[in-house]
1. Packing-wise, with mean Cβ within 10 Å as the measure, how do 26-35, 45-54 rank, highest first?
2. Can you tell me, using C-alpha contacts under 8 Å and at least 6 residues apart, the relative contact order of the chain as a whole percent?
3. Using only helices, what value at 222 nm comes out for the chain when you add -39,500 (n - 2.57) per DSSP H run of length 4 or more and divide by the total residues, to the nearest 500 deg cm²/dmol?
4. For a quick protection proxy, order the peptides 218-226, 103-111, 55-63 by their average other-Cβ count within 10 Å, most packed first.
5. Tell me the relative contact order for the range 119-234 as a rounded percent, counting alpha carbon contacts under 8 Å between residues six or more apart.
6. About the Cα centre of the range 81-156, what is the dipole size in debye to 20, counting +1 per Lys and Arg Cβ and -1 per Asp and Glu Cβ, all else neutral?
7. Suppose every Lys and Arg Cβ carries +1 and every Asp and Glu Cβ carries -1, with no other charges. What dipole size does the chain come out with about its Cα centre, to the nearest 20 debye?
8. How do 144-152, 208-216 rank on mean C-beta neighbours within 10 Å, highest first?
Amino acid sequence: MTEFSNADNQEITKFDRVAQLWWDPEGKMGNLHAINPLRLRYIMDRMGIAQPRVLDVGCGGGILTEALAKTGARVTGIDLSQMSLDIARQHADQHGLDIDYRYESAEQLAQEQPGSFDVVTCMEMLEHVPDPGKVIKACAQLLKPGGQAFFSTINRTPKAFLFAIIAGEYILRLLPRGTHSYRKLIRPHELYDWANVGGLTFMGVSSLMYNPFRKTFTLASDKADVNYMACFVK
Ligand code: SAH
C-alpha cells in the first residue's frame, strides 16, 4: 500500500505484479523497449545542454532512465512501485550505471528540491494517477527556469480505445490486460492546459505510430494521435 495521496494503490499493485517483466524485451513490457529509441531520440534532439540533471518520474524498471544515463546525463528516477524500483536498482547495478532511484512522489520531491532539474521526463505514467494535473505541476516546480519537460501518454479517443486497449491488450497482446482504463486516458488539450497552469510553455507534440504488419514504431511530428509525446519549457 502506498501512503501517497495522488497515487492509485490498484495501479501501483499492478506494476508491482509485473515488475519481473520490465527487462524482457519479448515480454509484456516489450512495447516500452520498442518505443524507447524513438522517445530517447525525441528528447535528445530537443535537449538544450550537455550532461543535464534529469528526473524520470514514474520510471518503472528504468527502461528510459538507463538510456538517459548512458547519454551522460545525471539521472534520478522516482516511482511508487517498490518492486519496480528493486528491479531498476538491480539492473543498473549489473550494468554499472549510477542512477539515483527513489521511492518518492513527484509532489514530495518538488517540496524538497524545487528548481533543481534541467529536464523532467514523465512517460506513460500520467494515465495511471488520480490527478495528472498535480503531477504535471510538480514536474514544473522541479525544473530550473528554462528547463524542459517531456510527457507522453495515450489519447482518449475512440481510435485510441480501439488501438491501445482492444488491439494492444486483447488482440495483439502487446500489453498486459487491464494496463489502461479508457476514462483515465488524456486528451492533448487537457495535458496542455495542466502544463500551462503549472507554468510550462508548449513546444511541440509528436506521435508514436505502430505498424502492426512490420511490428515497428515510427515517430510522426506535429500530431497527437494514439500514443503521443509533448515537450514543454519552463
Ligand atoms: N516511465 C516508464 C514506466 C511507465 S509505466 C517507461 O515509460 O518505461 C508507469 C509507471 O508509473 C509504473 O512504474 C508505476 O509504478 C508508476 N506510477 C504510477 N503512479 C505513480 C505515482 N503516483 N507516482 C510515481 N510513479 C507512479
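Quick note: the coordinates plus some simple rules give every number you see, no bench work behind them. All values reported here derive from a predicted model rather than from experimental measurement. Neighbour counts are summed over all protein chains in view; Cβ atoms, including those assigned to glycine, are modelled from backbone coordinates with ideal geometry.
1. 26-35, 45-54
2. 18
3. Helix-only estimate at 222 nm: -9500 deg cm²/dmol.
4. Going by the mean number of other Cβ atoms within 10 Å, highest first, we get 55-63, 103-111, 218-226.
5. Normalised by residue count, the contact order of the range 119-234 is 32 percent.
6. It comes to approximately 280 debye.
7. The dipole of the chain has a size of about 720 debye.
8. Highest to lowest by the protection proxy: 144-152, 208-216.
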